[in-house]
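Take a look at the structure set out below.
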Amino acid sequence: MHHSKVFQILLVILLSVGSCESSSFYCYSNPKRNERVNITVFSDINCTHIIYGSALISHDYEIETKNIHDSKSGSYYTNWESLAGLKYTKKSLSLLLDVGYDRDLSMLDTQYSRTRLITAIIRKLKYWNFDGIFLKADDYSLNEPTFDRFLTEWKNEVEAESIKLNSKHFQIVVLMRSNFLGTLKNKLSFISNNTDAVYINLDNKAPKSDSKYIHHADPLHSSKIIPEYAALSSVFKEAVKLGLSKQKLIVGLNVWSRGFKLLNDSLTHHLAPHKNEFPMSHYTNLTNGYYTLPDVCKLYVHDENATIYDADSSSTSFVGSDGFWYQSVNVSHEAFTNKIKWISSNGYGGIGLTSLQADDATNVCGQGVMPIHTLVSKALKFINVNITRGNNACTRLCTIDSSNLHDMDVYLHLKEKYCSHIVIEEIDFTVIGDLIISTAFTKALAKFEAWDVRHKPYLVVSLGNKISSVIWRSATINLFFRNKLVDNIKKFMDIHNIDGLNIAWTYGSMQMDIDGKALTQFALELKKKMGLEKTLFASISSKNSYANKYPVGEMINAVDYFILEAYKFHSLKDSVTGHHSALQKTTSDSTDETNVIDFAKDWNKRGIPPNMTIIEFTALGMEFTMDQVITKNVVDNYMGHKVVSGAYLSRLGSSNHLGQAEICEVLKNNETFKHFSSEFGVPFLVNKQQFIAYDNVKSIRMKAIWTSINQFAGTSLKSIELDNAEGACPLNKPFTLLKVLSESQVCNKCLEKNTDSITANAGSLKSGTSNERCPSQKYKTICTYRLPTKAESQLLVPEKIPHSQCDELLIDEVVLSANGTISFKDTYAEATARKFSRSNSKLPKIGIKQVVRCDMTVNEFRNLISDEKRESTIFKIVRHVKNFEFGGVELKCHTVMDASLKQNFGKFVIGLRNLLAERIHKADCTTILSVNLPMLATKVPQFYDVATLNDLDYLSVNTESITSITRSNDTSSEANEELMTLLKTIHAWDRSGINMRKIYLIIPVYANVLISSENDVKVDSQKRYSNNKHSLSQNVLCQELKKHKIISSISYDTVSNYARLSANSEVAFDTQQTLSYKLNLIMKENLGGIVFDSLNDDDYSNECKQGAYSWLMSTKKALCQ
């Protein structure tokens, strides 16, 4: 029978087992030292994981491979670049770097060395764009307690990286030899719980060894000849008994062919004797008894009795034309497919094949390219099987109107991190409860299912968006029709594996009082039918809400989340222009019925808490035709301008609602005037008679910040398919609004994770598996204490410092002058500093560091850290620290740095660190050296050696320089984009190689008083204050606000509160809400922590009546400490 025909029949038999539970297919590529990776072989092989290697760890913690094509040279792609390129077409593919570890390296012995090793590996993975490691540690290292600590620390670091990289998870797959499972039996459960997979292959002894007996490759069953420890079925069954998760077990199968010269050609069973003679491979040039498939297929004697089948080992062999006995994978025989069926039916995690090089890459054997890998690939249907639902995104619903899609691939540029849920509109229904599934909806659903990403958002469908109240009422009031509708929905959701449903009775308005009750009863019965594992949403329109149509007290028991349609505040039928999604209203102008903030407040007052409320915005703009042609921009605000009566009727179904790409094209017109209304917090544009209300980057960011600050359950963006999904305009910038919404929305997800982490650590310590003195803490709080001078009226004495609430204390500051002397601001400050040295022994064991500010010119600093003066400068600093019994130093010298000092500053920092470590008695878990940098230091990589910065304990990053003191009325959608924002700088530093966990943002606690003067200027419609400003502590601020009964207002543009103190002064300050937003932003970016600046400016005297040090306590709570 022809090979292809047999192959098809075998596949049919194999697939008859049912849907395969195995979820992974590991392919191993280990080209020779001078070989390039053959990428073409992967075109028809659906490997879920490609292992590439092998890599070794050098003594200086570098991850190196021996292949010459892993080094960049000329215009050729490296092997790793070629492999990484596969992920553009195979988005579910994971690339694992094969990393070998030997215990002689001793890199697991200390926390310091483990941290260096983990950092080096992750750095390599990020640089290569790989997804994890395939760790081949020696058996003895796996059994050491330090390996458990390595896995714990790896898991913590990867978890931290995942937050920063928006769900990017670096995998660790551990290779184990089957004959070592018994030795590791007490550790297997821990290893399984702390790795992504455990890859086990049988101890397939090399043919050329001291043994003179053949060993079949991967025997499936044990027998009288095959012991249990040598059989797949017995070994993996025992592995599960010993604690390895079946779903994480990868069954490694050998695909190298083997060749022997037998003592007796009739004895081919397992452990039959051989002569230790091996022919040379024509493809590897080796004589070790291992051969490629092309080596052996040419030697096959085509005779119906040529194939020798061993049922016990489930293997095939033959005596070749050269007289040698060969065992190889025969893709036309049931032997190998039986192993695949066994793996599938037993629910193991997947299959791994030992080497791509062992297969037939050029169809020499006439069975197709890579026949072994192709067989496994097709048999197990590995396409999309690794995709899971749910990701690390904040709750952010992305709604797709299926009627707008046509031939658009809305998922082509959509990043999975943008959305927590995909909501597809819409399912319709009849008055008798039958579902109406349109062709457009079916296609949209199919496109979601075909979306090839690792972590898909949850899938939600929307019901009845365009169904009239008459049909809604008829289908939900009648008991029979309602039950029928509920049953039909449940069946549809089960068949298509849908995670949630949105009830959208919002088309038009509810006309009868009974409508709300009918909706509630329907929701109650549907939720009961769906079960707790499904999520039920309900869209809420402002008109129905203000008309009191919703029985909120009953609905709260039926619905999981309410989606407020915050984009229907103005209608095309209105007689004047207006905005359909105004954020706010700062005056009593009544051009709009309501706005986002007022609508949300009203809804919450009705009894629905913010944590059940999702705010929905839209990517669509709304177009009106004004009653006159505008040729000059003579009016600042065209909101409320009269429109042509009935003009919208001529455009119904066409251009009344414009997508972002269309709006972008209108903005390109030179006759278009664009405005940003600070009154309403939204933009609009005017072109002759055309008025378009829309959202842009600035307004959607403000809405995201408002939603986050007020701790709503989440956001939703309607019609993302019209959010420039194809990247047409702006060119190559798809999902203009959704991207900004994703970046700006924050949510506090650390509490649960930290609790789990702490519990896990406590368990480890209790069981004796870990004895680390410094428990890992996700985010740290460094407190700054400003040494008071004699002139200050309000003093915080050292005795009142809450040491136990700080992970470390910075004493700010002393001055390093050009001659190398160190001085305090005055004698009072120095006397205060000495109090610390006298009371150090009585204080909690936290680090206390001295802040040293360099007060000199660049040239003077160049002289101070030169080769001639460096040692003396270091000695003076350390002597000062030692005299005052501090534990270290923070340097504040950026103002005197330039690129020419990069090398000398690096030597200075290294020398200072070494001498501090030598001379200062360092308390447990404390730090000795950090550096202060301004956030707008864009030339950090040019001024500083990145490796030197990463070797510091941390970097205090001063954010005061980016605190906005402008009240912008700029109409440009890019106004804020052009600024060097905090996020952009952080991302730039990350790209330069700076360890993000080393960055600690300085959070100012004080308020800034902004003084205007005669020199005030207006630039680009922005009011700027003069540099004449001063700060207020929290207790003084509270006194001022209470004394004058001042009401403050929040700016969602600058994320600050403002209050007018006098005609020419305004105070800008954080509230608990804005501070919480910024701290959540820190956690989202996976930084190391914050520097609390300062204790002196906190309300230490409880003037604000929220408790002493209320800001410090709030900060620690927000950081989940």
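The values are calculated or read from the model by the stated rules, or taken from the named source; none is laboratory data. Given the structure is predicted, the values throughout are model-derived calculations rather than measurements. Here the Cβ is made from the backbone with ideal geometry for all residues, glycine too, and neighbour counts use every protein chain on show.
Residue under question is Leu10, and the condition is that it be modelled with pLDDT of 90 or more and not aromatic (Phe, Trp, Tyr); does it hold? Before you say what the answer is, go through the steps one by one.
Values: modelled with pLDDT of 90 or more: no; not aromatic (Phe, Trp, Tyr): yes.
Considered against the rule, which asks whether it is modelled with pLDDT of 90 or more and not aromatic (Phe, Trp, Tyr), Leu10 comes out as no.
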Worksheet item: Does Glu153 fit the bill of being under 18 Å from the mean Cα position of the chain (by Cα), in a helix (DSSP H, G or I) and over 16 Å from Thr65 (Cα atoms)?
Response: no
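Let's see how each residue does on (1) in contact (Cβ under 8 Å) with a residue 40 or more places away in the chain; (2) surrounded by fewer than 17 Cβ atoms within 10 Å (Cβ to Cβ):
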position: Lys1045; (1), (2): no, yes
position: Thr1054; (1), (2): yes, no
position: Asn1057; (1), (2): no, no
position: Val1067; (1), (2): yes, no
position: Leu1075; (1), (2): yes, no
position: Lys1078; (1), (2): yes, no
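Look through Val461, Val453 and report the one residue that is under 27 Å from Val746 (Cβ atoms) and not basic (Lys, Arg).
On the way: Val461 fails: under 27 Å from Val746 (Cβ atoms).
Selected residue: Val453, the only one of Val461, Val453 that is under 27 Å from Val746 (Cβ atoms) and not basic (Lys, Arg).
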Worksheet item: Which residue out of Ser223, Ser266 is surrounded by fewer than 18 Cβ atoms within 10 Å (Cβ to Cβ), among the hydroxyl-bearing types (Ser, Thr, Tyr), out of contact with any Pro (no Cβ under 9 Å at 6 or more places or on another chain) and touching a residue at least 12 places away in the same chain (Cβ under 8 Å)?
Response: Ser223
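Does Glu890 satisfy being among the acidic types (Asp, Glu), assigned by TED's automatic domain parsing to the domain that holds Lys939 and modelled with pLDDT of 95 or more?
Numbers: among the acidic types (Asp, Glu): yes; assigned by TED's automatic domain parsing to the domain that holds Lys939: yes; modelled with pLDDT of 95 or more: yes.
For Glu890, the condition - among the acidic types (Asp, Glu), assigned by TED's automatic domain parsing to the domain that holds Lys939 and modelled with pLDDT of 95 or more - is met.
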Worksheet item: So which residues in region 497-520 are part of a helix (DSSP H, G or I), over 28 Å from Thr395 (Cβ atoms) and without any contact (Cβ under 8 Å) to a residue 40 or more places away in the chain?
Response: Lys517
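Could you pull out the residue among Ile351, Ile340 that is touching a strand residue (DSSP E or B) at 6+ places or on another chain (Cβ under 6 Å) and over 28 Å from Pro279 (Cβ atoms)? Don't jump to the end; show me each part of the working.
Numbers: Ile340 fails: touching a strand residue (DSSP E or B) at 6+ places or on another chain (Cβ under 6 Å).
Unique residue meeting the criteria: Ile351.
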Worksheet item: Filter region 275-290 for residues that are free of Cβ contacts under 8 Å to residues at least 60 places away in the same chain and crowded, with 17+ Cβ neighbours inside 10 Å; which is nearest to the chain's Cα centre (by Cα)?
Response: Ser281
Worksheet item: Hey, among Ser462, Ser545, which residue is under 25 Å from Asp695 (Cβ atoms), assigned by TED's automatic domain parsing to the domain that holds Ile597 and part of a strand (DSSP E or B)?
Response: Ser462
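From the list Ser757, Ser770, Ser764, Ser776, exactly one residue is modelled with pLDDT of 50 or more, of a type in the set (Gly, Ala, Ser) and outside the structural domain of Ala1108 (by TED's automatic domain parsing). Which is it? Give the steps one after another, and end with the answer.
Values: Ser757 fails: modelled with pLDDT of 50 or more; Ser770 fails: modelled with pLDDT of 50 or more; Ser764 fails: modelled with pLDDT of 50 or more.
So the residue among Ser757, Ser770, Ser764, Ser776 that is modelled with pLDDT of 50 or more, of a type in the set (Gly, Ala, Ser) and outside the structural domain of Ala1108 (by TED's automatic domain parsing) is Ser776.
Test of understanding: among Val331, Val255, which residue is touching a His at 6+ places or on another chain (Cβ under 9 Å), within 15 Å of Val376 (Cβ to Cβ) and modelled with pLDDT of 90 or more?
Working: Val331 fails: modelled with pLDDT of 90 or more.
Going through Val331, Val255 in turn, just one is touching a His at 6+ places or on another chain (Cβ under 9 Å), within 15 Å of Val376 (Cβ to Cβ) and modelled with pLDDT of 90 or more: Val255.
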Discussion item. Looking only at region 1070-1105, count every residue that is closer than 30 Å to Lys417 by Cβ and small (Gly, Ala, Ser) and tell me the total.
Written reply: 3
Discussion item. If Phe1092 meets every condition in (1) surrounded by 22 or more Cβ atoms within 10 Å (Cβ to Cβ); (2) in a loop (DSSP other than H, G, I, E, B); (3) not acidic (Asp, Glu) apart from one, which number is that one?
Written reply: (2)
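Among the residues of region 396-416, how many are of a type in the set (A, V, I, L, M), more than 24 Å from the chain's Cα centre (by Cα) and either within 19 Å of Ala504 (Cβ to Cβ) or at pLDDT below 90 (or both)? Talk me through it step by step, then tell me what you get.
Looking only at region 396-416, we keep the residues that are of a type in the set (A, V, I, L, M), and these are 397, 400, 405, 408, 410, 412, 414.
Next, only the ones that are more than 24 Å from the chain's Cα centre (by Cα) stay: 405, 408.
Applying the additional criterion that residues be either within 19 Å of Ala504 (Cβ to Cβ) or at pLDDT below 90 (or both) yields 405.
Total satisfying the criteria: 1.
Can you pull out every residue in region 291-310 that is under 52 Å from the mean Cα position of the chain (by Cα) and either without any contact (Cβ under 8 Å) to a residue 24 or more places away in the chain or in a strand (DSSP E or B) (or both)?
Step one: list which residues in region 291-310 are under 52 Å from the mean Cα position of the chain (by Cα), which gives 291-298, 309-310.
Residues satisfying the conditions are Tyr291, Tyr309, Asp310.
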Worksheet, complete the sentence: Counting only strands (runs of 3 or more DSSP E) wholly inside region 924-1041, the ones holding at least 1 residues that are over 32 Å from the mean Cα position of the chain (by Cα) and at pLDDT 80 or above are 1007-1011, 1029-1032
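Being more than 30 Å from Ala160 (Cβ to Cβ) and surrounded by 22 or more Cβ atoms within 10 Å (Cβ to Cβ), is that true of even one residue in region 1104-1121?
Of the residues in region 1104-1121, the ones more than 30 Å from Ala160 (Cβ to Cβ) are 1104-1108.
From what is left, the residues that are surrounded by 22 or more Cβ atoms within 10 Å (Cβ to Cβ) are none.
The answer is no; no qualifying residue exists.
Within the group Val301, Val296, which residue is surrounded by 21 or more Cβ atoms within 10 Å (Cβ to Cβ), out of contact with any Pro (no Cβ under 7 Å at 6 or more places or on another chain) and closer than 20 Å to Gly366 by Cβ?
Criteria check complete, one pass: Val296.
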Discussion item. Can you tell me which condition Tyr77 does not meet? The list is (1) over 30 Å from the mean Cα position of the chain (by Cα); (2) without any contact (Cβ under 8 Å) to a residue 60 or more places away in the chain, and all the others hold.
Written reply: (1)
Fill in: Any chance Lys87 is in a helix (DSSP H, G or I), free of Cβ contacts under 8 Å to residues at least 60 places away in the same chain and touching a Leu at 6+ places or on another chain (Cβ under 7 Å)
yes
Item to complete: Please find, within region 377-395, the residue that is modelled with the highest pLDDT out of those that are outside any loop (DSSP other than H, G, I, E, B) and surrounded by fewer than 18 Cβ atoms within 10 Å (Cβ to Cβ).
Response: Arg389
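When the residues of region 1070-1089 are filtered to those that are among the charged types (D, E, K, R) and assigned to a loop (DSSP other than H, G, I, E, B), which remaining residue is modelled with the highest pLDDT?
Per the criteria, the residue is Asp1070.
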Item to complete: Output yes when any residue across region 555-569 is assigned to a loop (DSSP other than H, G, I, E, B), of a type in the set (Ser, Thr, Tyr), touching a residue at least 12 places away in the same chain (Cβ under 8 Å) and surrounded by 17 or more Cβ atoms within 10 Å (Cβ to Cβ), and no when none is.
Response: yes
Discussion item. Tell me yes or no: at least one residue of region 115-137 is without any contact (Cβ under 8 Å) to a residue 12 or more places away in the chain, at positive phi and out of contact with any Gly (no Cβ under 8 Å at 6 or more places or on another chain).
Written reply: no
Discussion item. Show me the helices (runs of 4 or more DSSP H) entirely contained within region 800-900 in which 2 or more residues are within 23 Å of Tyr785 (Cβ to Cβ).
Written reply: 827-839, 870-883
